[in-house]
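Read the figures in this text as sums done on the coordinates, not as results from a lab. Keep in mind the model is a prediction, meaning the values are calculated, not measured. Please note: Cβ atoms are built from the backbone with ideal geometry, for glycine as well, and neighbour counts cover all protein chains shown.
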Amino acid sequence: MNDLGPFILVVIAVVVAAFLVLVPTVLVLLGRKLVTGRPAGTHGRDWLLSLLIAPLMIAAFAGSYFYAASKGISEHSIVKWMNILLAAVFVFGFAVKKFWDFRRKWTFWAGLGVLIVGHFALLSRLRWEQASYFWLVVVVGVPELTLVFFLLGLAFKPKQRRTAEEIADIIERFLTGNSLYPQEWNDFVECSERDSRLDIYRKRCYELDPLVNCLGPQDPKAVAELRSMIDQLRRPEMQTEPEKSSES
């Protein structure tokens with residue numbers, strides 16, 4: 001290392017820093033895609049937001065480790081809490097994905113918050129051997145996920161499958177400025193459809209969103225494509241449900 005010039009050392013430092021930031025950035029984008037069903041990193045603002053979140057994730061994990069070390073907290077406890085946190089991400093990440101349609105209801109987040117507090121309160125009392133914590137996500141996470149789905153399902157019913165005609169109506173209302181509520185278009189493009197045929201249209205609408213859902217004039221070609229989608233969705237062959245539709 002002593003033979004390396006200062007420029008080479010700076011380059012190495014930049015490469016390492018970029019790697020440490022890009023890895024959690026990709027994880028953030030993939031996690032976002034898992035929850036919302038939206039394409040990972042289609043828009044530049046998605047990458048920018050994730051690049052801002054990534055250093056915070058690194059700082060949080062590194063900060064917690066150094067804080068624990070400075071307070072004399074044992075490595076056993078650090079491993080335990082890290083696995084409890086990973087189990088929470090696993091369980092409640094899938095729960096948010098399942099009930100994403102209710103994200104605008106404060107009651108949903110209140111109920112989810114109670115479950116999260118219960119998760120940490122109960123698992124913090126575990127007295128397992130250090131080697132066993134590795135299996136916490138599987139041994140505890142899977143049964144807990146089933147329980148969380150059941151409890152949330154009692155209060156929040158997942159949305160019904162949309163028809164092609166309903167999606168055509170949503171697009172038409174957006175273009176004419178007659179949406180049923182201000183966030184109807186955003187809710188549509190951000191949440192995957194259970195019918196894979198219809199989700200193709202939803203994904204294309206998401207890609208066109210920056211061109212039509214903006215402060216300035218709408219892009220004429222994008223508007224024309226949306227109007228073409230309306231006609232396609234209202235064709236007779238689109239009104240019949242397929243025998244098997246993949247659920248997202």
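Phi angles of the stretch 178-183 translate, via the Karplus equation with coefficients 6.51, -1.76, 1.60 and θ = phi - 60°, into HN-Hα couplings of 10, 4, 5, 8, x, 9 Hz per residue; Gly and Pro are given as x. What you get for the stretch 74-158, charging only the Cβ of Lys and Arg (+1) and of Asp and Glu (-1), is a dipole of about 380 debye around the Cα centre.
Across all C-alpha atoms in the stretch 164-238, the radius of gyration and Dmax reach 11.6, 36 Å. Hydrodynamic analysis of the stretch 74-158 uses the Kirkwood radius over alpha carbon pairs. Inserted into Stokes-Einstein at 37 °C and 0.692 mPa s, it gives a translational diffusion coefficient of 244 µm²/s.
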